[in-house]
Amino acid sequence: MTSVQTVDTLQGLEELCKRLASAGRVGVDTEFHNERSYTARLMVVQIAFEGSFAVVDPLALPDLMPLAQALAKTTVVGHALGSDLKIFADRFGIVPQHVFDCQIAAAFLGYGLSISLADLVRDVQGVRLRKLHTVSDWSKRPLSEGQLEYLIDDVAHLLPMHDQLTRRLKEKNRYEWALEECRQLADLNRYRVDERRLYARIPGANRMNRRELAVLSELAVMRDRLARERDVPLKYVMPDDVLAGLATLRPHRLEELTQLRRLDAGGRRALGPAILEAAKRAEALPEDELPPRLSRPLGNARETLVALMSVLVGEIARENEVPSSLLAPRAALERVARELPSDREAFARALDLTPWRTHLVAERLWQLLSGEAALRIEGYAGGDPRILLQS
């Protein structure tokens, strides 16, 4: 096997951090379990240097903050890094500031938004990975030889792919686009919970009035804090449907909680006082501080407007060989359909896209919506339909 440093002692961790301090870039991947915890629990961290590898055992090390700090000072190359970086954000409050995500880079080269590591390595490197341990129990020790080979495979091709994808992106003048997108992964706020919007994730919230939403919001915040303190999944504290039921019930007394069959006697004893306190806080809020109602369906006319914009975005995406959902998310188009901005500047603000996206789509969408241009289909009869925007 290629040179592999197993890091399971404080001395080994110190040596690894020194290596990271002098490394211009490293490939990184993690294995984690998240079925029974609020924040995913790190089981293994794999790191690729130029020509060698390190496998870090978090179960043997009491504190990985030095590793998180060391990674924050170098360029981290990975594939679908969002989940990996969220663990570092949640556990250590820090993420690398220089990131290159091969999956994001591939999207700008026509591979779509969700190409797997195995498929990308096969296409870019001409190597077929053996994905034999994707469902391994990574909490078991010692790791088998097969598991170690799998771990190294997951990072062995990241640095060569970084080189090749960078070259191809520069050839297509898209390197800065990809870097701009990758920089968003380095924003710590991306991984932080916005307590003010937790209620929006609960099914049924869009049917509630603002006072019910206030109760739901207080309950959602309470549940999130308890789950974080206990390091358990949210549903282990209280399922979503119980939260929704409590919000519409708006309880004032413990006896009222018996109306919810999904909240058993044990749950009422353990959580009853906190539930009533949350409901009391919500009832005390003045009208102007109540949470805003969630957006209702657009209606037929504005849904048609979104569909029309989507057609044009899809054609621009085809021209540029990028996924349309990467180019302009549906949420941005819905925002335009709701707000109906009246000039170019207000339209660009409503879209609220990053600069490279704005450059590609904003002007053409504005021309379509303002009536300066119209969509036309050519080539249909010949079997090669194209959508054109013509003045």
Residue pairs qualifying under the 9 Å Cβ cut-off, at least six apart or on distinct chains, with the first in the stretch 372-391 being in contact (Cβ under 8 Å) with a residue 24 or more places away in the chain and the second being outside any strand (DSSP E or B) and small (Gly, Ala, Ser), are 386/379; 387/314; 389/373; 391/373
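Can you tell me which of 149, 171, 176, 180 is over 14 Å from residue 106 (Cβ atoms) and without any contact (Cβ under 8 Å) to a residue 40 or more places away in the chain?
Details: 149 fails: without any contact (Cβ under 8 Å) to a residue 40 or more places away in the chain; 176 fails: without any contact (Cβ under 8 Å) to a residue 40 or more places away in the chain; 180 fails: without any contact (Cβ under 8 Å) to a residue 40 or more places away in the chain.
Among 149, 171, 176, 180, only 171 is over 14 Å from residue 106 (Cβ atoms) and without any contact (Cβ under 8 Å) to a residue 40 or more places away in the chain.
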Quick check on residue 305: is it part of a helix (DSSP H, G or I), under 32 Å from the mean Cα position of the chain (by Cα), outside the structural domain of residue 172 (by TED's automatic domain parsing) and closer than 27 Å to residue 180 by Cβ? no
Can you say whether residue 331 is of a type in the set (Gly, Ala, Ser), in a helix (DSSP H, G or I) and without any contact (Cβ under 8 Å) to a residue 24 or more places away in the chain, as far as the supplied structure shows? yes
If you go through 197, 190, 201, the only one that is in contact with a helix residue (DSSP H, G or I) (Cβ under 8 Å, 6 or more places away or on another chain) and more than 30 Å from residue 360 (Cα to Cα) is 201
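Restricted to the stretch 36-48, and to residues that are assigned to a loop (DSSP other than H, G, I, E, B) and out of contact with any Pro (no Cβ under 8 Å at 6 or more places or on another chain), which residue is surrounded by the fewest Cβ atoms within 10 Å (Cβ to Cβ)?
In the first step, residues of the stretch 36-48 are kept if they are assigned to a loop (DSSP other than H, G, I, E, B); the result is 36-40.
Next cut, out of contact with any Pro (no Cβ under 8 Å at 6 or more places or on another chain) only: 39-40.
Numbers: 39: 15, 40: 18.
That would be 39.
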When the stretch 205-229 is checked residue by residue, the ones that are surrounded by 16 or more Cβ atoms within 10 Å (Cβ to Cβ), without any contact (Cβ under 8 Å) to a residue 60 or more places away in the chain and out of contact with any Phe, Trp or Tyr (no Cβ under 9 Å at 6 or more places or on another chain) are 212, 222, 223, 226
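With the condition kept exactly as written, say whether any residue in the stretch 366-388 is of a type in the set (D, E, K, R) and assigned to a helix (DSSP H, G or I). I'd like the intermediate steps shown before the answer.
Taking the stretch 366-388 as the starting set, the residues that turn out to be of a type in the set (D, E, K, R) are 372, 376, 378, 384, 386.
In the following step, the residues that additionally are assigned to a helix (DSSP H, G or I) were identified as none.
No - not one qualifying residue is present in the stretch 366-388.
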Exception for residue 111 within (1) over 19 Å from residue 16 (Cβ atoms); (2) at pLDDT 95 or above; (3) not polar (S, T, N, Q) falls at (2)
Scanning the stretch 194-204 for residues that are free of Cβ contacts under 8 Å to residues at least 60 places away in the same chain and out of contact with any Leu (no Cβ under 7 Å at 6 or more places or on another chain) gives 194, 195, 197, 198, 201, 203, 204
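The values are calculated or read from the model by the stated rules, or taken from the named source; none is laboratory data. Everything numeric here is computed off the predicted structure, so don't read it as measured data. Glycine gets a Cβ as well: all are built from the backbone with ideal geometry, and neighbour counts include every protein chain shown.
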